[in-house]
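Visitor: Submitted below is the structure of interest, expressed as structure tokens.
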Amino acid sequence: MDYQYPMDLDWSTEEIVDVIKFFEAVEKAYESKIQKEAFMKAYRRFKEIVPGKADEKKYTDEFESVSDYSAYLVIKKSKEIEDDDWIRMK
């Protein structure tokens, strides 16, 4: 991984850490697997920090441009599977 996670300098340290955890959850869905519950917890926290759709799109698009991992597709898949299932994007 040779990229930086998108972030806002106005966020607190805790918020930055939690946004990074969300992007790491997206990575995990692509690189191995992650339980839906764990992913959704990270996503809900991300949405507390980035509540607006436009800002969410800005940060997730920026992340996708540097990583080639689509947070949108992981979120979409998480809505299609059962609660106790695993998310695998391979």
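Visitor: Given the structure, is D68 free of Cβ contacts under 8 Å to residues at least 40 places away in the same chain and on the phi > 0 side of the Ramachandran plot? Can you show your working first?
Guide: Details: free of Cβ contacts under 8 Å to residues at least 40 places away in the same chain: yes; on the phi > 0 side of the Ramachandran plot: yes.
Criteria met by D68.
Visitor: Give segment 1-19 a look and list any residue that's touching a residue at least 40 places away in the same chain (Cβ under 8 Å) and more than 22 Å from M40 (Cα to Cα), or say none.
Guide: Across segment 1-19, the qualifying residues are M1, Y3, Q4.
Visitor: β-branched (V, I, T) and more than 13 Å from the chain's Cα centre (by Cα), is that true of T13? Walk me through it before giving the result.
Guide: Numbers: β-branched (V, I, T): yes; more than 13 Å from the chain's Cα centre (by Cα): yes.
Judged against the criteria, T13 is a match.
Visitor: Can I ask one more? Which pairs do you get when a residue that is farther than 12 Å from I87 by Cβ, found in segment 25-48, comes within reach of a residue that is of a type in the set (F, W, Y) and surrounded by 14 or more Cβ atoms within 10 Å (Cβ to Cβ), reach meaning Cβ atoms under 7 angstrom, with the pair 6+ apart or on two chains?
Guide: R45/F22; F46/F22
Every number in this text was worked out from the coordinates using simple rules, so none of it is lab data. Only a predicted model underlies this, so the values are computations on that prediction, with no experimental measurement involved. As a convention, Cβ positions derive from the backbone with ideal geometry for all residues, glycine included, and neighbour counts pool all protein chains shown.
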